[in-house]
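Undergrad: One structure follows; several queries about it will come next.
The values are calculated or read from the model by the stated rules, or taken from the named source; none is laboratory data. Keep in mind the model is a prediction, meaning the values are calculated, not measured. Methodologically, a virtual Cβ is constructed for each residue, glycine included, from the backbone with ideal geometry; neighbour enumeration extends over all protein chains shown. For accessibility, only protein heavy atoms count, side chains too; no ligands or nucleic acids. Shrake-Rupley method; radii C 1.70, N 1.55, O 1.52, S 1.80 Å.
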Amino acid sequence: MTKILGISGSLRRQSFNTALLHAAVPLLGEGVELDIATLHGIPLYDGDLDAQGQPQAVLDLKARVLACDGLLLSTPEYNNGIPGVFKNAIDWLSRPASEIKKVFGNRPVALLGATPGGFGTISAQAHWLPVLRALGTRPWFGGRLLVSRAHQIFNENGELVDEAVRKQLRDFLHGFSQFM
Ligand code: FNR
């Protein structure tokens, strides 16, 4: 069984980025499973807090990363960049630095994202690249998924209702699964 951990970078209940991960579940190939994580409960990074021992929510997320064969980061875009909430969680996971290799080293990572805007999180995804490189991950560049006009792609229940995007998502997942 190939295990993907999908992390949504939005805390919003009706997040398009969380919905995108849920939409991926029925599209996975045989022998592939997707665990979906959100960032609820992860505090703002504080070196003093870190020195007292990592918060349980961070330890739990780290355990899920360690258990996966590949990471799927579903990123919103804020002001043409990475939302602070998401970067904050990855920063926690990168501590202690002595564990970066174990947590991120050579770990396959794919980026995708959804926005009601017209550019599909392209800037946020580009901003992730130096972070993924710094952590020594193995990013997958074989496909791209930039979901624009997300309010028309998902219905009010967060269900994917666009067949073209469903196909793109299926192809994207297939490509990433082959890469892992
Ligand atoms: C946004 N949004 C946004 N969208 C975009 O395509 N490019 C951008 O630069 C920004 N900037 C931005 C800044 C801030 C502070 C907020 C709160 C929002 C809109 C954003 O894509 C939208 O709120 C999405 O719905 C966020 O993703 P989730 O929560 O639906 O997953």
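Undergrad: If residue 33 passes every condition in (1) open to solvent by 40 Å² or more (accessible area, probe 1.4 Å); (2) within 16 Å of the ligand (Cβ to nearest atom) but one, which one does it miss?
TA: Checking residue 33 against (1) open to solvent by 40 Å² or more (accessible area, probe 1.4 Å); (2) within 16 Å of the ligand (Cβ to nearest atom), the one that fails is (2).
Undergrad: Right, another one. What pairs come up if the first residue lies in segment 30-50 and is in contact (Cβ under 8 Å) with a residue 24 or more places away in the chain, the second is open to solvent by less than 60 Å² (accessible area, probe 1.4 Å) and acidic (Asp, Glu), and their beta carbons are under 6 Å apart, counting only those six or more places apart or on different chains?
TA: The qualifying pairs are 45/91.
Undergrad: Could you list all residues from segment 150-180 that are buried (at least 16 other Cβ atoms within 10 Å of the Cβ), part of a loop (DSSP other than H, G, I, E, B) and either of a type in the set (Val, Ile, Thr) or in contact with a Pro (Cβ under 9 Å, 6 or more places away or on another chain) (or both)?
TA: 180
Undergrad: Let me ask another. Among residues belonging to segment 77-95 that are closer than 26 Å to residue 2 by Cβ and in contact (Cβ under 8 Å) with a residue 60 or more places away in the chain, point out the one that is nearest to the ligand (Cβ to nearest atom).
TA: 86
Undergrad: Let me ask you something else. Somewhere in segment 23-30, is a residue surrounded by 16 or more Cβ atoms within 10 Å (Cβ to Cβ) and under 16 Å from residue 147 (Cα atoms)?
TA: yes
Undergrad: If I go through segment 1-26 residue by residue, how many of them are farther than 22 Å from residue 107 by Cα and either among the β-branched types (Val, Ile, Thr) or more than 16 Å from the ligand (Cβ to nearest atom) (or both)?
TA: 1
Undergrad: Looking only at segment 96-146, which residues are touching a helix residue (DSSP H, G or I) at 6+ places or on another chain (Cβ under 6 Å), within 16 Å of the ligand (Cβ to nearest atom), assigned to a loop (DSSP other than H, G, I, E, B) and under 17 Å from residue 176 (Cα atoms)?
TA: 145 - this is the single residue of segment 96-146 that is touching a helix residue (DSSP H, G or I) at 6+ places or on another chain (Cβ under 6 Å), within 16 Å of the ligand (Cβ to nearest atom), assigned to a loop (DSSP other than H, G, I, E, B) and under 17 Å from residue 176 (Cα atoms).
Undergrad: Quick one: which helices (runs of 4 or more DSSP H) sit completely within segment 9-67 and have at least 2 residues that are touching a strand residue (DSSP E or B) at 6+ places or on another chain (Cβ under 9 Å)?
TA: 16-24, 56-66
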